[in-house]
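For reference, the structure is listed below as structure tokens.
The values are calculated or read from the model by the stated rules, or taken from the named source; none is laboratory data. Small disclaimer: the values here were computed from a predicted structure and weren't measured. As a convention, Cβ positions derive from the backbone with ideal geometry for all residues, glycine included, and neighbour counts pool all protein chains shown.
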């Protein structure tokens, strides 16, 4: 009887830990409405784009590639190919806030950059993605 209770308690504990672990490491796909419609608070400039490019080269190029096509040196090792962030048709449909959210929270296999890059640096990367894709800032979700 005690053995059964111990097994049940252990099973419950392992299940609870698995759920906590899953929740702690789950990545949120959809940006909250207030983020989706948020305008980029960082003004674009040559200096902002230069810093964003340096951050891109350090953190993004290995998967997204030099021109953003998803063909970086690590891309072939991933289960899913990174998205082509140079594709203007795709990026025109996405708001600046949604791009910021994906950079912030990540989307497997891309890690979150919430703690690695400052908020300003993440918004600056949004400007760089707009530049790469030749799309305009967008605050209207589709």
Would you please name the residue that is farthest from residue 33 (Cα to Cα), looking only at residues in the stretch 117-139 that are over 15 Å from the mean Cα position of the chain (by Cα) and not in a helix (DSSP H, G or I)? 134
Selected residue (criterion: nearest to residue 107 (Cα to Cα)) from residues of the stretch 46-61 that are in contact with a helix residue (DSSP H, G or I) (Cβ under 8 Å, 6 or more places away or on another chain) and assigned to a helix (DSSP H, G or I): 56
Among the residues of the stretch 27-36 satisfying the criterion of being out of contact with any helix residue (DSSP H, G or I) (no Cβ under 6 Å at 6 or more places or on another chain) and assigned to a loop (DSSP other than H, G, I, E, B), which is farthest from residue 103 (Cα to Cα)? 32
Got a sec? Which of 114, 80, 98 is at negative phi, modelled with pLDDT of 95 or more and in a loop (DSSP other than H, G, I, E, B)? 114
Residues that are without any contact (Cβ under 8 Å) to a residue 12 or more places away in the chain, more than 16 Å from residue 131 (Cα to Cα) and surrounded by fewer than 19 Cβ atoms within 10 Å (Cβ to Cβ): does the stretch 81-102 have at least one? yes
The residue from 129, 110 that alone is crowded, with 19+ Cβ neighbours inside 10 Å and under 16 Å from residue 51 (Cα atoms) is 129
Restricting the search to the stretch 58-80, which residues are in contact (Cβ under 8 Å) with a residue 24 or more places away in the chain and surrounded by fewer than 17 Cβ atoms within 10 Å (Cβ to Cβ)? 67, 78, 79, 80
